[in-house]
1. Of K278, K43, which has the most accessible area and how do the rest follow, probe 1.4 Å?
2. Considering only protein heavy atoms, what is the solvent-accessible area of Y351 at a probe of 1.4 Å, reported in Å² to the nearest 10?
3. As a test question: what accessible area, to the nearest 10 Å², does I235 have when a 1.4 Å probe is rolled over all protein chains in place?
4. For a quick check, take a GNM of the chain with Cα springs below 10 Å and name the residue from L224, L284, L155 with the largest mean-square fluctuation.
5. Multiplying the sequence separation of R69 and K30 by 0.36 nm and subtracting their Cα-Cα distance, what value in nm do you get?
6. Have a look at H164, A149, T105 and report the one farthest towards the positive end of the charge dipole of segment 97-167, computed about the Cα centre with Cβ charges (Lys/Arg +1, Asp/Glu -1).
7. In whole percent, and with a 1.4 Å probe on the protein chains, what portion of the accessible area of the chain is carbon and sulfur?
8. Please name which of I35, N183, L70 has its Cα lying farthest along the dipole of the chain towards the positive end, using unit charges on Cβ (Lys, Arg +1; Asp, Glu -1) and the Cα centre as origin.
Amino acid sequence: MKLSKHLLSCSLISILLLGCGAEKKEITVKTNSEIVLDQSVIKINEALKALKTTDSFPRHIVKGEKDWRLVGVRDWCSGFWPGILWYTYEYTGDAEVKTAAEKYTASIKTIAYTEAEDHDIGFQVYCSFGNGYRLTGNEAYKDIMLAAADTLATLYNPIVGSIHSWPSKQEYPHNTIVDNMMNLELLFWAAKNGGNKKLYDIALSHAEVTMNNLVRPDSAVYHLGSFDNKTGQFIRGVTHQGYADESMWARGQTWGIYGFAVAYRESGRTDFLETSIKLTEHYLKRLPKDGVPYWDFDDPAIPNAPKDASAAAVAACGLLELAELVKDNKLQDKYRQEAKRFITALSSKNYLSGDANNALLLHSTGHHPKGREIDEPIIYADYYFMEALLRLEKLENSNHLALIK
Ligand code: GLY
């Protein structure tokens, strides 16, 4: 019974039907994630055709427009477009997409070899070179990633025990933001792939400082922790991109969920796992019915506040990661089901861009307090949506293979 249900929902294995005349017919049944991936690949190729240069990068689409607004390599979002192309290549094996991914990725190289401006080196380099290296094994990519990890580590302050996430924000002597949790993966990776072993200690200490100071007793996170750079003392928590300091900024919560899951995977520290679970449970408890959060859970304008599809996409990836790590089968199943629910919601006509523009997803919110990128397509929503779809597709097909062995 279970087997036949899976056969209907999985596509990797074609079903051979023997007709009365013993004629063989092959039927391929696609999973929902594969159907959405197929549509996404078409859209990504269209967006690619509309782009004229490989040294500027899609970031967002203004309401009513069709094309991506572009940014330079220093923008924190530069790595997401090459990352999307690598995911597309991973799914299709298309050589032209691979060539495009290589070109955009090459444009990011300067980040590794120039002075660190902020913690976003992880997003910029791990999404581009990291995916490229994972898929091609290109040794030149590895060298660039190792250099990028060393560059990121120059922002580490040993007195505080964390990376100075935004040096340009001089109103805080030393600040560490929850988004920075996502960029520890580059350091963990470098430490076990020929880089300086101290990079592991830096990542570990950074995660610890974030856990001890940015995770609040209410199980939500501050966006930013302000610290005294001379004593290491925590001064206060600020929710820079949220509604208020004590509110729950949706994307920040999801960076924490995903970031602490990865920190546990890389270190085995169970307090990081517990933190990821705690942030997840609180997030799940407060989610609106359709599984896609408002940009901030405490905006008094809810239900008329904008949503943040990007947070739902990050949450889906974080929960699929967490499901791989928890030992309890029930919890594993719960997190997979929730991730699937988010992916299904994002794959509906309420969130897919369809023919409206060149993005995959509508309705993300970038920086609400500054009035920027509100209820728009934003590139990182598409990046994490592609990642989530690929993770789900692999999971469904591997479950299927295991069942028919
Ligand atoms: N890392 C900035 C943001 O999530 O908007």
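The values are calculated or read from the model by the stated rules, or taken from the named source; none is laboratory data. Since this is a predicted model, take the numbers as computed values, not measurements. Every residue, glycine as well, gets a Cβ built from its backbone with ideal geometry; the counts of neighbours run over all protein chains shown. In case anyone asks, the SASA skips ligands and DNA or RNA and just uses the protein heavy atoms, side chains included. Shrake-Rupley method; radii C 1.70, N 1.55, O 1.52, S 1.80 Å.
1. On the way: K278 90, K43 30 Å².
Sorted by accessible area, descending: K278, K43.
2. About 10 Å², rounded to the nearest 10.
3. In the full protein context, I235 sits at about 90 Å².
4. Looking only at L224, L284, L155, the biggest GNM fluctuation is shown by L284.
5. Working: separation 39, 0.36 × 39 = 14.04 nm, distance 3.35 nm.
Length gained between R69 and K30: 10.7 nm.
6. T105
7. 53
8. Highest projection toward the positive end goes to I35.
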